[in-house]
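Just so you know, all these numbers are worked out from the coordinates, no wet-lab data involved. Bear in mind that the values here come from a model prediction, so they are computed numbers and not experimental data. A quick note on method: Cβ atoms are made from the backbone with ideal geometry, for glycine too, and the neighbour counts reach across all protein chains shown.
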Amino acid sequence: MRTQKPVLTRRRGRARRVTLFKAATIATLAFLIGACVGTTVYRLGGMRPHPKPVAFFGENYREASGNIAAVRSDGAGVIANLTVRVSLGDGRILVDTHPLIGFNFQYSERIAVKVAAELTNTLLDNDGVGLHGANVLFIVSSKAGEVEIHAIDGPSAGAAATIATVAAIENRKMRGDVIITGTINEDHKIGFISGVAAKAKAANDAGVRLFLVPKGQYVEVYEQVGMFTIVRHRPISHLQNYAAQQGWQIQIREVTTMEEAAELMLE
């Protein structure tokens, strides 16, 4: 009588081969899917193309102008003009505040140029501060007929300086009905400032329709308690409600990053 072992062995061998084939197929599909996902992630969120110097196309310089909200030495808000001029040069960052005195970007103008370069994929200078082959000049001036501004909190114009630098590099225009106030950080986040209520009023009086402030920005409210004046910090909604009560036409909006602000401020 014949034994059935050879048949069972062939069946087991065939089943083993089928199992190995399925495993190999699954592994191949997993590898292909992983490769596709990895490529997509790399393209969407990975490395950008190599930065390039500013292309002037025969121009000597490019510039962009916009309004900034400032605070005078007496605490009143005022609107000034900020122009950023990017020209052929050796990577310098310069500030011209005539006729203003006391306006000082300090460290913020360097961060503004660095962040603007990252947003526009523009090559920085060898020291990582200015633009490669170009100078950046910040020009701040008061509007005609206004009193001279004696002091502006320099860091609070960092966000505006960044947007204006982006506009100059890309040869774009800034919207005239939008103003931003806030410091600028190297991670592209917009930081808190002071005097937001005074700046909002000045912006509204100047016909600005959208006032951008840092996400989580507070408002300083002075309350009289007996003989003492207490300063309390209220959320930005407090200022929005106050603006509505006063009949202001301006809209106050919180933004977190320069990418958000650029979408709202550049034409």
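Each peptide in 247-257, 210-220 receives the mean, over its residues, of other Cβ atoms within 10 Å, and ordering these scores from highest gives 210-220, 247-257. Applying 0.36 nm per residue to the separation of residue 187 and residue 83 and subtracting their alpha-carbon distance, the gain on full extension is 35.1 nm. Classify segment 61-265 from the C-alpha gyration tensor, please: rounded if a/c falls under 1.5, else prolate or oblate depending on whether a/b exceeds b/c. Prolate is the answer for segment 61-265, as a/c is 1.5 or above and a/b outweighs b/c.
Highest-first packing order for the peptide set 49-60, 128-139 is 128-139, 49-60, based on the mean count of other beta carbon atoms within 10 Å.
Diffusion of segment 153-255 by Stokes-Einstein, at 4 °C in a medium of 1.567 mPa s and with Rh set to the Kirkwood radius over alpha-carbon pairs, works out to 88 µm²/s.
Relative contact order (percent) for segment 61-265, with alpha-carbon contacts under 8 angstrom and 6 or more residues of separation?
Value for segment 61-265: 23 percent.
Since only 224, 155, 179 are under comparison, the one whose Cα sits farthest along the positive direction of the charge dipole of segment 153-267, derived from C-beta charges on Lys, Arg, Asp and Glu, is 224. Taking 19 Å as the cut-off, the amide N atoms of segment 165-194 that come nearer than this to a point 7 Å along the Cα-to-beta-carbon line of residue 209 belong to 173-181.
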